[in-house]
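Engineer: Input: one structure, supplied below.
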Amino acid sequence: MSRISRRADARRQPAEAGPGADAGPHPLDDDGLATPASDPTGAPAAGVPGAEGTARGDAREPHLVDPEAGPVTGNSPPPPDDIVVDLRDVYKGFGPKKILRGVDMTVERGTSAVVMGGSGTGKSVLTKHVVGLLRPDKGEVWVLGERLDLMDQEQLDQKRTRLGYLFQGGALFDSMTVYENMRFFLDRLTTLDRGEKDDLIMEGLEDVNLPSTRDQYPAELSGGQKKRVGLARTLIMQPDIILYDEPTTGLDPVSVRVVSDLIVKLRDTRGISSISITHDLLAAEIVADRVHFLLDGQIAAAGTLDEVRRSDIPELQEFFKGTDAYGHA
Amino acid sequence: METLPADSLTQRLRDARRSRQSEKILQDKETERKVEERQEEARTSSVPGEEFFAEAGNLFSFVGRFFSRVWRRPYEVRELLTQMDEVGTKSLMLTGVVGFSIGIVLAMQSRGTLARFGAESFLPSMLALSVIKEIGPVLTSLVLAGRLGAGMGAELGSMKVTEQIDALEVAALKPFHYLVVTRVLACVIMFPIMTMLTDFLALAGGYLEAWLSDGMNVRVFIATAFDSLRFADVIVDTMKTSIFGFIVGIVSCYLGYNVRGGTREVGRAAMQSVVVSSLLILISDVVIVRLSIMLFGDISDAA
Ligand SMILES: Nc1ncnc2c1ncn2[C@@H]1O[C@H](COP(=O)(O)OP(=O)(O)OP(=O)(O)O)[C@@H](O)[C@H]1O
Ligand SMILES: [Mg+2]
């Protein structure tokens, strides 16, 4: 299977998409221009007169970027509007261990991407870059039209209100009940009144079929239940992009279907884009619009599940060996 | 036995043995690779003491982060009160018992020594000096370091390994403010208060002993006790526990916040929090006492 890359397109398009921008994407010209990919609800539309000449030229230094001064783009052309996540040549290592070695990956608006790969290959590391929990050693992380890797804390937090992350173990706060867990986020990030909050919480719990756990502590829940409550807690903030770290691992087949269908439903009804990590072919089959296979720190193959599965890379064949029993999409 | 035909069982066992052998070869290769990795790691960190200095450097940058964030919003007032309650109310019993019994024991022990020099009447003032200047502050801080250091190290550590801290971070809820700043401030505020209570109870215990053994009058006790104390001493020696509190808070939070791995590392963080903060308390006590003597003179200047 050949590596399917959209980066070439991604680089070319902004010039035509942004009529105000000079045709030639000279690295310095892009800096601070009103970028077509700037998210509509984000920072004020960057007309920002007079900003070009100032510190913005040094946008590589995150703290020099004025938070009011339009999208954070650094010196590279932003991806087109319909690309919500664009990782460009991302490298990440911990000490001598090199985990990511040049990852390229794009996710289109309103689609579900799936990341697959062996255990410990860095799938979680990869998705953590998309929410700014980790910063790349090298490379660019574009999320909703801005460079996450150049942002300072405030800008990151601003962006994070539009992102959701479901952690591998659910990451519920174990000193609080399920209800308080969900309340906690609403209390701190919104000014809704009590009744509205309660409604949202019950709706969220019903989405994952767990309204009865409302007053239980996380310690009283099973692993699968925790994960589903974690999902409900993520959904309650109505993010534009959700990252699911193994949303279905450890669930029974029925729950796998429930959760996978929920992800699809969220995509179809609310237009939520998502990146899911999964080993579960059933889930991948239901969820994936596009599969990215992580191998040796790079996306070794990308495409539909079938395309990736038919890849001739030996490691992939090994990974999918004996799974032909599953129906093809 | 060789006469047995190569029946299906023999065949199966033989196959199993063969596949085990090939597995073993693979395993050997794996171990070899791991050993090489290990050696690689060892090479990269072969400078003696490097790890210690790296750790100390990280701790200092954590302290720096604390001071740069503590002034900034959001001010987690409610969580701060919860933590103060945790440090104060929930530890009251422990420090109280420690203070009271130390007071009694100190009085009993000193009585004999003083009697030999015919200086029994100095008992109250000696008690007050040793309790307020040294035993109260340091003992309270060490006891609290044991209780809170382990608690905070383990709590933050397990929040870290179960990704609860990351979950806060992703939800833009500023876990550093919510978890670290509140805990450190609670320690800084509550340590002196707890120390005053311990001091008081220790003196009460000392008085109880004096009253039981020779029926000492309260007013005499108080008058002689505070005779030799200067106000500056009391203030400095009580307020220095704020620094001890800061040490306990920041060290435990640092170790908990930076746990990586699993439950074993959480336990280790809890244990190290107690050990490191206790050591730092004792070391900084030496420095503070030295400084305060330079600044205010020692106790012989009193009276
Ligand atoms: N903060 C960190 N510090 C050091 N090493 C890390 C850190 N985070 C991850 N790693 C290492 O990166 C590697 C990849 O980890 P990651 O969690 O991304 O794997 P994964 O692909 O998600 O595996 P799994 O399917 O088991 O969840 C592991 O070897 C891990 O030890
Ligand atoms: Mg993972």
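Engineer: Output yes when any residue across the stretch A:214-229 is under 20 Å from A:Leu282 (Cβ atoms), within 22 Å of the chain's Cα centre (by Cα) and within 16 Å of ligand 1 (Cβ to nearest atom), and no when none is.
Structural biologist: Scanning the stretch A:214-229, I find at least one residue that is under 20 Å from A:Leu282 (Cβ atoms), within 22 Å of the chain's Cα centre (by Cα) and within 16 Å of ligand 1 (Cβ to nearest atom), so the answer is yes.
Engineer: Could you check the stretch B:64-91 and list, in sequence order, the residues that are under 17 Å from the mean Cα position of the chain (by Cα) and buried (at least 16 other Cβ atoms within 10 Å of the Cβ)?
Structural biologist: Selection gives B:Gln83, B:Met84, B:Glu86, B:Val87, B:Gly88, B:Ser91.
Engineer: Same structure again: If you take the residues of the stretch A:107-140 that are at pLDDT 90 or above, closer than 20 Å to A:Leu281 by Cβ and within 14 Å of chain B (Cβ to nearest Cβ), which of them is nearest to ligand 1 (Cβ to nearest atom)?
Structural biologist: A:Ser124
Residues are listed down the side, and each one gets a yes or a no for (1) within 14 Å of chain A (Cβ to nearest Cβ); (2) among the small types (Gly, Ala, Ser); (3) closer than 22 Å to A:Phe173 by Cβ:
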{"site": "B:Phe117", "(1), (2), (3)": "no, no, no"}
{"site": "B:Ala128", "(1), (2), (3)": "no, yes, no"}
{"site": "B:Val138", "(1), (2), (3)": "no, no, no"}
{"site": "B:Ala145", "(1), (2), (3)": "no, yes, no"}
{"site": "B:Ala171", "(1), (2), (3)": "yes, yes, yes"}
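Engineer: Considering each residue of the stretch A:233-277, count those that are polar (S, T, N, Q) and within 14 Å of another protein chain (Cβ to nearest Cβ), and give that number.
Structural biologist: Final tally of qualifying residues: 2.
Engineer: Among the residues of the stretch A:192-214, count how many are exposed (fewer than 12 other Cβ atoms within 10 Å of the Cβ) and farther than 21 Å from A:Val264 by Cα.
Structural biologist: 5
Engineer: Among the candidates A:Asp215, A:Asp207, A:Asp245, which residue alone is under 17 Å from A:Ser276 (Cα atoms) and among the acidic types (Asp, Glu)?
Structural biologist: A:Asp245
Engineer: Next question. Please list, ordered by first then second residue, the pairs with beta carbon atoms under 7 Å, 6 or more apart or interchain, first in the stretch A:81-105 and closer than 17 Å to A:Ile299 by Cβ, second among the hydroxyl-bearing types (Ser, Thr, Tyr) and not in a strand (DSSP E or B).
Structural biologist: A:Asp104/A:Ser5
Engineer: May I pose another question? With the structure loaded, tell me whether B:Ala186 is within 12 Å of chain A (Cβ to nearest Cβ) and buried (at least 24 other Cβ atoms within 10 Å of the Cβ) or whether it fails that test.
Structural biologist: Judged against the criteria, B:Ala186 is not a match.
Engineer: Now, a different point. I need a count of the residues in the stretch B:188-238 that are assigned to a helix (DSSP H, G or I), among the basic types (Lys, Arg) and under 34 Å from the mean Cα position of the chain (by Cα).
Structural biologist: Number satisfying all stated conditions: 0.
Engineer: For A:Arg147, state whether it is more than 10 Å from every other protein chain (Cβ to nearest Cβ) and within 16 Å of ligand 1 (Cβ to nearest atom).
Structural biologist: no
Engineer: Further, regarding this structure: Can you name every residue in the stretch A:161-212 that is part of a loop (DSSP other than H, G, I, E, B), away from chain B (no Cβ under 13 Å) and under 21 Å from the mean Cα position of the chain (by Cα)?
Structural biologist: A:Val208
The values are calculated or read from the model by the stated rules, or taken from the named source; none is laboratory data. Source: prediction; values computed, not measured. Note: ideal-geometry Cβ built from the backbone for every residue, glycine included; neighbour counts use all protein chains shown.
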